[in-house]
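See below for the structure under consideration.
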Amino acid sequence: MTKLFLALHVLAAIIAVGPVTVAAGMFPRVLRRAQRDPRDSAARSGLRILHRICRAYATIGIAVPVLGLATAGSLGVLSSPWLIASVVLTAGAAAVLALLVLPCQDSALAAVEAAADLAGAPIPGHQAAGRLAMLTGLFNLLWATVTVLMIIRPGSTTGA
(Lines give C-alpha, C1' and ligand atoms only; values in the text may rest on other atoms or scores of the structure.)
Protein backbone atom coordinates (compact mmCIF):
# COMPACT_ATOMS: atom_id res chain seq x y z
CA MET A 1 0.00 0.00 0.00
CA THR A 2 2.93 2.34 0.72
CA LYS A 3 4.13 2.18 -2.89
CA LEU A 4 0.63 2.97 -4.16
CA PHE A 5 0.33 5.97 -1.82
CA LEU A 6 3.80 7.15 -2.80
CA ALA A 7 3.11 6.80 -6.53
CA LEU A 8 -0.20 8.67 -6.22
CA HIS A 9 1.44 11.36 -4.08
CA VAL A 10 4.22 11.97 -6.62
CA LEU A 11 1.77 11.92 -9.55
CA ALA A 12 -0.54 14.36 -7.78
CA ALA A 13 2.39 16.67 -7.08
CA ILE A 14 3.54 16.62 -10.69
CA ILE A 15 0.06 16.91 -12.20
CA ALA A 16 -1.32 19.52 -9.77
CA VAL A 17 1.57 21.64 -8.54
CA GLY A 18 3.46 21.80 -11.83
CA PRO A 19 0.73 23.59 -13.79
CA VAL A 20 0.13 26.05 -10.95
CA THR A 21 3.80 26.99 -10.76
CA VAL A 22 3.99 27.53 -14.52
CA ALA A 23 0.66 29.37 -14.91
CA ALA A 24 1.22 31.55 -11.84
CA GLY A 25 4.73 32.33 -13.08
CA MET A 26 3.42 33.40 -16.50
CA PHE A 27 0.59 35.53 -15.10
CA PRO A 28 2.68 38.64 -14.18
CA ARG A 29 4.24 38.88 -17.66
CA VAL A 30 0.87 38.62 -19.37
CA LEU A 31 -0.58 41.07 -16.83
CA ARG A 32 2.07 43.67 -17.73
CA ARG A 33 1.09 43.31 -21.38
CA ALA A 34 -2.60 43.69 -20.53
CA GLN A 35 -1.88 46.72 -18.32
CA ARG A 36 -0.08 48.45 -21.22
CA ASP A 37 -3.08 47.85 -23.48
CA PRO A 38 -6.24 46.74 -21.63
CA ARG A 39 -8.03 46.30 -24.97
CA ASP A 40 -5.56 43.57 -25.99
CA SER A 41 -8.05 40.72 -26.09
CA ALA A 42 -5.30 38.09 -26.38
CA ALA A 43 -3.68 39.33 -23.17
CA ARG A 44 -7.03 39.43 -21.35
CA SER A 45 -7.87 35.92 -22.57
CA GLY A 46 -4.44 34.74 -21.49
CA LEU A 47 -4.97 36.19 -18.01
CA ARG A 48 -8.35 34.47 -17.72
CA ILE A 49 -6.92 31.12 -18.79
CA LEU A 50 -3.87 31.34 -16.53
CA HIS A 51 -6.05 32.30 -13.57
CA ARG A 52 -8.46 29.45 -14.29
CA ILE A 53 -5.53 27.00 -14.43
CA CYS A 54 -4.23 28.29 -11.10
CA ARG A 55 -7.62 27.98 -9.41
CA ALA A 56 -8.46 24.55 -10.82
CA TYR A 57 -5.09 22.94 -10.17
CA ALA A 58 -4.86 24.52 -6.70
CA THR A 59 -8.07 22.68 -5.87
CA ILE A 60 -6.74 19.42 -7.30
CA GLY A 61 -3.50 20.07 -5.40
CA ILE A 62 -5.26 19.35 -2.11
CA ALA A 63 -4.63 15.69 -2.96
CA VAL A 64 -0.85 16.20 -2.65
CA PRO A 65 -0.64 16.66 1.14
CA VAL A 66 -3.46 14.18 1.75
CA LEU A 67 -1.63 11.46 -0.18
CA GLY A 68 1.66 12.58 1.36
CA LEU A 69 0.31 12.11 4.87
CA ALA A 70 -1.08 8.69 3.88
CA THR A 71 2.36 7.74 2.55
CA ALA A 72 4.10 9.05 5.68
CA GLY A 73 1.65 7.17 7.90
CA SER A 74 2.27 3.90 6.08
CA LEU A 75 6.04 4.48 6.32
CA GLY A 76 5.78 5.34 10.01
CA VAL A 77 7.56 8.68 9.62
CA LEU A 78 4.82 11.10 10.72
CA SER A 79 6.98 12.42 13.56
CA SER A 80 10.17 12.83 11.51
CA PRO A 81 11.57 16.37 11.56
CA TRP A 82 11.97 16.50 7.76
CA LEU A 83 8.32 15.55 7.31
CA ILE A 84 7.10 18.06 9.90
CA ALA A 85 9.15 20.77 8.15
CA SER A 86 7.66 19.70 4.81
CA VAL A 87 4.12 19.87 6.22
CA VAL A 88 4.73 23.37 7.59
CA LEU A 89 6.25 24.53 4.29
CA THR A 90 3.39 22.95 2.33
CA ALA A 91 0.87 24.75 4.51
CA GLY A 92 2.80 27.97 3.92
CA ALA A 93 2.78 27.43 0.15
CA ALA A 94 -0.94 26.69 0.20
CA ALA A 95 -1.58 29.83 2.24
CA VAL A 96 0.50 31.98 -0.12
CA LEU A 97 -1.42 30.60 -3.08
CA ALA A 98 -4.93 30.70 -1.59
CA LEU A 99 -4.68 33.90 0.44
CA LEU A 100 -2.30 36.02 -1.64
CA VAL A 101 -1.68 34.84 -5.22
CA LEU A 102 -5.21 33.89 -6.27
CA PRO A 103 -6.90 36.98 -4.75
CA CYS A 104 -4.23 39.24 -6.27
CA GLN A 105 -4.82 37.60 -9.64
CA ASP A 106 -8.58 38.13 -9.19
CA SER A 107 -8.20 41.85 -8.48
CA ALA A 108 -5.62 42.38 -11.25
CA LEU A 109 -7.86 40.64 -13.77
CA ALA A 110 -10.86 42.70 -12.64
CA ALA A 111 -8.83 45.92 -13.00
CA VAL A 112 -7.77 45.02 -16.53
CA GLU A 113 -11.34 44.06 -17.48
CA ALA A 114 -12.65 47.35 -16.03
CA ALA A 115 -10.01 49.37 -17.91
CA ALA A 116 -10.88 47.56 -21.14
CA ASP A 117 -14.56 48.38 -20.64
CA LEU A 118 -13.73 52.06 -20.12
CA ALA A 119 -11.34 53.97 -22.32
CA GLY A 120 -8.80 51.21 -22.75
CA ALA A 121 -5.98 53.50 -21.62
CA PRO A 122 -2.92 51.91 -20.01
CA ILE A 123 -3.16 51.32 -16.28
CA PRO A 124 -0.51 53.69 -14.85
CA GLY A 125 1.60 52.81 -11.84
CA HIS A 126 -0.14 49.53 -11.20
CA GLN A 127 2.09 47.37 -8.97
CA ALA A 128 0.10 44.12 -9.18
CA ALA A 129 2.44 42.45 -11.68
CA GLY A 130 5.51 42.97 -9.52
CA ARG A 131 3.70 41.87 -6.38
CA LEU A 132 2.37 38.78 -8.14
CA ALA A 133 5.85 37.93 -9.43
CA MET A 134 7.22 38.16 -5.89
CA LEU A 135 4.41 36.08 -4.38
CA THR A 136 4.65 33.47 -7.10
CA GLY A 137 8.39 33.26 -6.55
CA LEU A 138 7.79 32.69 -2.84
CA PHE A 139 5.21 29.98 -3.62
CA ASN A 140 7.63 28.27 -6.01
CA LEU A 141 10.51 28.52 -3.54
CA LEU A 142 8.42 26.89 -0.81
CA TRP A 143 7.45 24.02 -3.13
CA ALA A 144 11.03 23.58 -4.32
CA THR A 145 12.17 23.34 -0.69
CA VAL A 146 9.49 20.74 0.05
CA THR A 147 10.60 18.76 -3.00
CA VAL A 148 14.22 18.78 -1.86
CA LEU A 149 13.19 17.69 1.64
CA MET A 150 11.12 14.87 0.16
CA ILE A 151 14.11 13.64 -1.85
CA ILE A 152 16.96 13.93 0.66
CA ARG A 153 14.86 13.30 3.81
CA PRO A 154 17.58 14.35 6.29
CA GLY A 155 17.91 11.87 9.14
CA SER A 156 15.59 9.31 7.54
CA THR A 157 16.29 5.67 8.24
CA THR A 158 13.38 4.09 6.32
CA GLY A 159 15.43 3.31 3.21
CA ALA A 160 12.28 3.78 1.13
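The values are calculated or read from the model by the stated rules, or taken from the named source; none is laboratory data. Remember, it's a predicted structure, so these values are computed and weren't measured experimentally. A quick note on method: Cβ atoms are made from the backbone with ideal geometry, for glycine too, and the neighbour counts reach across all protein chains shown. Please note that ligands, DNA and RNA were not included when accessible areas were found on the heavy atoms of the full protein model with its side chains. Shrake-Rupley method; radii C 1.70, N 1.55, O 1.52, S 1.80 Å.
Relative to the longest principal axis of the chain, what angle (0 to 90°, nearest 10) does the C-alpha long axis of helix 102-117 take?
Long axis of 102-117 versus the principal axis of the chain: about 20 degrees.
Using just the helices of the chain, give the 222 nm mean residue ellipticity in deg cm²/dmol: DSSP H runs with n ≥ 4 each add -39,500 (n - 2.57), and the total is spread over all residues, rounded to 500.
-25000 deg cm²/dmol
What percentages make up the Cα-Cα pair-distance distribution of segment 46-111 when the bins are 10 Å wide from 0?
Result returned by the calculation: 19, 40, 24, 13, 3.
For helix 41-60, report the angle its Cα long axis makes with the longest principal axis of the Cα atoms of the chain; keep it between 0 and 90° and round to the nearest 10°.
Long axis of 41-60 versus the principal axis of the chain: about 20 degrees.
Excluding ligands, DNA and RNA, what is the solvent-accessible area per residue of segment 1-108 at a probe of 1.4 Å, expressed in Å²? Mind showing how you got there, number by number?
Working: 5430 Å² over 108 residues.
On a per-residue basis, segment 1-108 sits at 50 Å².
If you compute Rg and Dmax of the Cα atoms in Å for the structure shown, which of (1) 18.6, 63; (2) 16.0, 51; (3) 16.5, 55 do you land on?
(1)
Show me, for segment 20-25, the HN-Hα J-couplings you get by feeding each phi into the Karplus relation (A = 6.51, B = -1.76, C = 1.60, θ = phi - 60°), rounded to Hz, glycine and proline as x.
Taking θ as phi minus 60°, the curve returns 5, 5, 6, 5, 5, x Hz for segment 20-25.
Among P65, A95, V30, whose Cα lies farthest out toward the positive end of the dipole of the chain, if unit charges sit on the beta carbon of Lys, Arg (+1) and Asp, Glu (-1)?
The Cα lying farthest towards the positive end belongs to V30.
What FRET efficiency, computed as 1/(1 + (r/R0)^6) with R0 = 22 Å and r the Cβ-Cβ distance, is obtained for I49 and A98, rounded to the nearest 0.05?
The pair I49/A98 has a calculated efficiency of 0.65.
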